[in-house]
Amino acid sequence: MAIIRDGICSAPADLWAPLVITAGKLGGMPQLPFSSPDGFVQLTLAEAPGAGHWFVFRGDQLLVEIGPPSPEPTDDLRVRIRPSWARVPLQKNNTGYDPLGSKALRTLYLGRLAGIDCWATEVPRDTDAPAGMNWEGLRTLFSVLDDTHLALAGRAIQLLDWDRAHQFCGRCGAPTAPKPDERVRVCPACKLSVYPRISPAVMALVQRGRELLLGRGAHFPAGMYSALAGFVEPGETLEQCLAREVLEEVGVRINNIRYFDSQPWPFPNSLMIAFVCDWAGGDVTPQPGEIEAAEWFDVFHLPRLPSKISIARGLIDAVAHQMRETYSRNGGAKGIE
């Protein structure tokens, strides 16, 4: 696979053309949300829960200390309002700390962030938040909670979901047990080992001249369009999946595939792998039941786009920015087509 970093394509020139964008320059963000933060060391072994950062979940909501509502509008059509600030609980000593009394259903040790222990805990869905705290979804906490803590919260919710889902063996039904020195649950009866799993999904931004092909699903907020995406099937390469998904979803053939970037996506457990590609033929025909609408949009007149929490927005912004610069510099469509 050709890797594009700082505008350089590592593949031979006759394999893939140089990428039209510079990967990683996403509106000033040093890295995409939910990426493993610098200074974090993943560990599984620890003494009894105590001092450290606590990521306490009730379903998909995180327990946070929270400020008043922010007057600033959100960039996410799914989030009506965000708090002005939020932070995860920090226990500063080992004096029997228990975030919510004895209500924890499960507690996992995540590792250390800059030398501070980090814990993930799940509590029942009817648990009330302590005074001065609230339950909030990760989308709501984007740009409000510290980026490092948001990334670890994304890791924590996936591990809690994995631990909950694999209390019993999927092969023989016997209760499983965690292995203390490894992130795995093992069946003592048939020896099946279950590790945390991710679901890889590809994302395609298709270019044609000065246009970008964007689509929307029925579950999207009104008026919002995004890049096309789909899950990788067994036996497929990422490039094969990309071509299949685009053809299935909108009836279009593609070529000249270029890697952009990737992002962990804890909704619920995906790894998004984004590419840019060129239109190679076919008329746009949305797949019934999957794609509500798909259209070619002029790069200077794009519709509502996803929040900057997702790689989709970073991909579209980066490509559109480079296309507009190229178009403006050449004084017309000739510079892009």
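The values are calculated or read from the model by the stated rules, or taken from the named source; none is laboratory data. None of the values given here were measured: they were computed from a predicted structure. Don't worry about glycine lacking a Cβ; one is built from the backbone with ideal geometry, like all the others, and counts go over all protein chains shown. For the accessible areas, the whole protein counts, side chains as well, though only heavy atoms, and no ligand, DNA or RNA atoms are used. Shrake-Rupley method; radii C 1.70, N 1.55, O 1.52, S 1.80 Å.
Within the range 274-288, the set of residues being more than 11 Å from residue 249 (Cβ to Cβ) and open to solvent by 50 Å² or more (accessible area, probe 1.4 Å) comprises 279, 283. Given the structure, is residue 220 part of a loop (DSSP other than H, G, I, E, B) and not polar (S, T, N, Q)? Spelling it out, residue 220 is indeed part of a loop (DSSP other than H, G, I, E, B) and not polar (S, T, N, Q). Residues in the range 193-213 that are open to solvent by 40 Å² or more (accessible area, probe 1.4 Å) and over 30 Å from residue 296 (Cβ atoms) were compared, and the one that is farthest from the chain's Cα centre (by Cα) is 193. Within the range 131-145, not a single residue is under 25 Å from residue 38 (Cα atoms), in contact with a strand residue (DSSP E or B) (Cβ under 7 Å, 6 or more places away or on another chain), open to solvent by 60 Å² or more (accessible area, probe 1.4 Å) and in contact (Cβ under 8 Å) with a residue 24 or more places away in the chain.
For the range 211-231, give me each residue that is touching an Asp or Glu at 6+ places or on another chain (Cβ under 9 Å) and hydrophobic (A, V, I, L, M, F, W, C). Once the filter is applied, which keeps residues that are touching an Asp or Glu at 6+ places or on another chain (Cβ under 9 Å) and hydrophobic (A, V, I, L, M, F, W, C), the range 211-231 yields 212, 213, 214, 218, 220, 228, 229, 231.
Which condition number in (1) of a type outside the set (Asp, Glu); (2) open to solvent by 20 Å² or more (accessible area, probe 1.4 Å); (3) farther than 24 Å from residue 77 by Cβ is the one that residue 264 fails? The single condition residue 264 does not satisfy is (3).
If I filter the range 270-294 down to residues being of a type in the set (Gly, Ala, Ser) and part of a loop (DSSP other than H, G, I, E, B), which single residue comes out as farthest from the chain's Cα centre (by Cα)?
For the range 270-294, the residue satisfying everything is 282.
Just one of 249, 236, 182 is under 30 Å from residue 326 (Cα atoms) and not in a strand (DSSP E or B); which is it? Among 249, 236, 182, only 249 is under 30 Å from residue 326 (Cα atoms) and not in a strand (DSSP E or B).
Exactly one residue out of 267, 260, 297 is part of a loop (DSSP other than H, G, I, E, B) and of a type in the set (A, V, I, L, M, F, W, C): that is 267.
Taken over the range 40-99, residues that are modelled with pLDDT of 95 or more, open to solvent by 60 Å² or more (accessible area, probe 1.4 Å) and over 30 Å from residue 305 (Cα atoms) amount to 2.
Of 202, 184, all but one fail to be among the hydrophobic types (A, V, I, L, M, F, W, C) and in contact (Cβ under 8 Å) with a residue 12 or more places away in the chain; the exception is 202. Exactly one residue among 317, 278 is within 27 Å of residue 32 (Cα to Cα), touching a strand residue (DSSP E or B) at 6+ places or on another chain (Cβ under 6 Å) and acidic (Asp, Glu), and that residue is 278.
Return yes when residue 271 is open to solvent by 40 Å² or more (accessible area, probe 1.4 Å), out of contact with any Leu (no Cβ under 7 Å at 6 or more places or on another chain) and at pLDDT 95 or above and no when it is not. For residue 271, the condition - open to solvent by 40 Å² or more (accessible area, probe 1.4 Å), out of contact with any Leu (no Cβ under 7 Å at 6 or more places or on another chain) and at pLDDT 95 or above - is met.
Which residues, taken from the range 218-246, are crowded, with 18+ Cβ neighbours inside 10 Å and farther than 17 Å from residue 279 by Cα? Once the filter is applied, which keeps residues that are crowded, with 18+ Cβ neighbours inside 10 Å and farther than 17 Å from residue 279 by Cα, the range 218-246 yields 225, 232.
Yes or no: the range 313-335 includes at least one residue that is among the basic types (Lys, Arg), out of contact with any Cys (no Cβ under 8 Å at 6 or more places or on another chain) and not in a helix (DSSP H, G or I). Checking the range 313-335: not a single residue is among the basic types (Lys, Arg), out of contact with any Cys (no Cβ under 8 Å at 6 or more places or on another chain) and not in a helix (DSSP H, G or I).
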